[in-house]
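A short reminder: the numbers here are calculations on the coordinates, not readings from a lab. What you see is a predicted model; the values in this text were computed from it and never measured. With ideal geometry, Cβ positions are generated from the backbone for all residues, glycine too; neighbour counts draw on all protein chains shown.
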Amino acid sequence: MSQGNEVFAKKYLSENYDCDEYLSKYEDGYYHKESYLQLLLPVSEVSIDSKTEHLVIGHAGADGIEFCFRIHKPGIWAYHPMEGRFQKVAVSISKLIEGWHSGAIKV
C-alpha cells in the first residue's frame, strides 16, 4: 500500500471506528505468549466484514470469534459468527489485553 493510501485508510478507520489507541499504540499487533495467540492483528492485516461492517482486529482462538470495532460504536467487541451476535468485551484495547491476561474476558 502506498504512503498516501495508508494515510487515507487510517483516516477512514479513525473517523468511523473507535480505534485511535489501536492505530497509535498497537500498529504491529499484540501476541499473547501464554496462550500462543495473536490477540491483535497488525494494522496491515485488519479487514472490514462486508456484511456487518465490523473492523476485525484479532481473534479469540476458538469458534471463529473475532475481536473487532463496530462502526460508530465505542469499545472492543467479540463477534460470534456461529450465532451472528456481538458481545462488548472491553472499553479499550489496553483493557482488552488486561482482561485477557487476567482471565476476566470470557467469550
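Laid out as a table, the results:
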{"quantity": "Residue within region 64-72 that is in contact (Cβ under 8 Å) with a residue 12 or more places away in the chain and on the phi > 0 side of the Ramachandran plot present", "calculated": "yes"}
{"quantity": "Filtered residue count, region 6-33, keeping only those that are of a type in the set (Gly, Ala, Ser) and not in a helix (DSSP H, G or I)", "calculated": "1"}
{"quantity": "Failed item in (1) in contact with a helix residue (DSSP H, G or I) (Cβ under 8 Å, 6 or more places away or on another chain); (2) surrounded by 13 or more Cβ atoms within 10 Å (Cβ to Cβ), with His59 passing the rest", "calculated": "(1)"}
{"quantity": "Subset of region 97-107 [in a loop (DSSP other than H, G, I, E, B) and free of Cβ contacts under 8 Å to residues at least 12 places away in the same chain]", "calculated": "Gly103, Ala104, Lys106"}
{"quantity": "Extreme residue, surrounded by the fewest Cβ atoms within 10 Å (Cβ to Cβ), among residues of region 83-96 that are part of a strand (DSSP E or B) and either within 10 Å of the chain's Cα centre (by Cα) or among the charged types (D, E, K, R) (or both)", "calculated": "Arg85"}
{"quantity": "Tally of residues being part of a loop (DSSP other than H, G, I, E, B) and β-branched (Val, Ile, Thr) across region 34-82", "calculated": "4"}
